[in-house]
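What follows is a short report on a single structure.
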Amino acid sequence: MAHRAPSGRAPAAAPAPAPSRRLARRVLVLFTLSLSCSYLCYSLLCCCGGPAAPRARCAPARAAAAKKLLQKSRPCGRPPPAEPPGSAALARRSREPPAPPARSPPGPARPGAKRLPQAIVVGVKKGGTRAVLEFIRVHPDVRALGTEPHFFDRNYDRGLEWYRSLMPRTLDSQITVEKTPSYFVTKEAPRRIFNMSRDTKLIVVVRNPVTRAISDYTQTLSKKPDIPTFEGLSFRNRSLGLVDTSWNAIRIGMYAVHLESWLQYFPLSQIHFVSGEKLITDPAGEMGKVQDFLGIKRVITDKHFYFNKTKGFPCLKKLESSSLPRCLGKSKGRTHVQIDPEVIEQLRDFYRPYNIKFYETVGQDFRWE
């Protein structure tokens, strides 16, 4: 006999069958996983730099979730980016492409470097310094500045770097040479050159001081035709034989006086004296001594010279390595003005004691008497 429920109460519902509950749970789990995967994929796209969203919108929580997921499955197909130390700005810079390499200057590189001169032709004016410079430039181990820089007498305040910038480029095996003949009579020049380098080799081209003075005057006369006569400039009182040593053309020829200033800073072993007269009669012999003094091989020989009868001095022959023969310009080899022989004799008497002292000091007789 069936029992009835107590009055006033509804009968209890029958429990759902077990398969229906399991199905509902599965649907709930799949729905939850679907939402989680969507969230994680969105976060990955953001933090991996995808186009879905800019990096600035990546929250720290999303980055952490992406990192955990990458450690397990790495769905992006590549290892996680390293996290450099420092700020976010450093991290951004680390992902920027490297800067392109600097471009080298156009054109071929010029060999060698500009160096301060190891040898200087310091004097004397109208002695033959231009000839020595042009002759020594033939040597492959010598590079010479063609113009006179006048650094140690007129442009010293410009500094050594300015002076260096004027020099030709040389290899380590080459010697840099410059010439400014006014250095020899500049009192400050020896000390200034010594301060640059006490090892500097000095070349002095000397010539009979009387002939040199006449040549000096001839050059000045070509530029200033209205200057006084040679006799008038040479003497303060010709009848008394008083020579005017304040005139530069006379003063330069007092070699012994100027040499004293140089010997205060440089030994004689670092000074080489070239005979201006022998440079004309035997250029190869004089240049051979110059090459020995510079410590370079004797390359310049007789085969390099021919005597130019028009100019009255030797010139360089045209060589295979040179496009043109090299001879001194029109300003060289001028015909000297005619001077009264008595004036010449008076000047010889004046220079004689200076010449003798010069011979004794340098140990060489130039036979100017």
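The values are calculated or read from the model by the stated rules, or taken from the named source; none is laboratory data. Here the structure is a predicted model, which is why all the values come from computation and not from measurement. Cβ placement follows ideal geometry from the backbone for every residue including glycine, while neighbour counts extend to all protein chains displayed. Calculation scope for accessible area: heavy atoms of the full protein, side chains included, ligands and nucleic acids excluded. Shrake-Rupley method; radii C 1.70, N 1.55, O 1.52, S 1.80 Å.
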Can you tell me which residues in the stretch 163-185 are open to solvent by 40 Å² or more (accessible area, probe 1.4 Å) and within 29 Å of GLU260 (Cα to Cα)? ARG164
Just to be sure, is ARG251 touching a Lys or Arg at 6+ places or on another chain (Cβ under 9 Å), within 30 Å of LYS278 (Cβ to Cβ) and charged (D, E, K, R)? no
Taking strands (runs of 3 or more DSSP E) that do not extend beyond the stretch 261-369, which have at least 3 residues that are surrounded by 12 or more Cβ atoms within 10 Å (Cβ to Cβ) and modelled with pLDDT of 95 or more? 271-275
Checked the stretch 187-217 for anything open to solvent by less than 10 Å² (accessible area, probe 1.4 Å) and farther than 24 Å from ILE356 by Cβ; matches are ALA189, ILE193, THR200
Tell me whether the stretch 235-254 contains one or more residues that are of a type in the set (Ser, Thr, Tyr), on the phi < 0 side of the Ramachandran plot, in a helix (DSSP H, G or I) and modelled with pLDDT of 95 or more. no
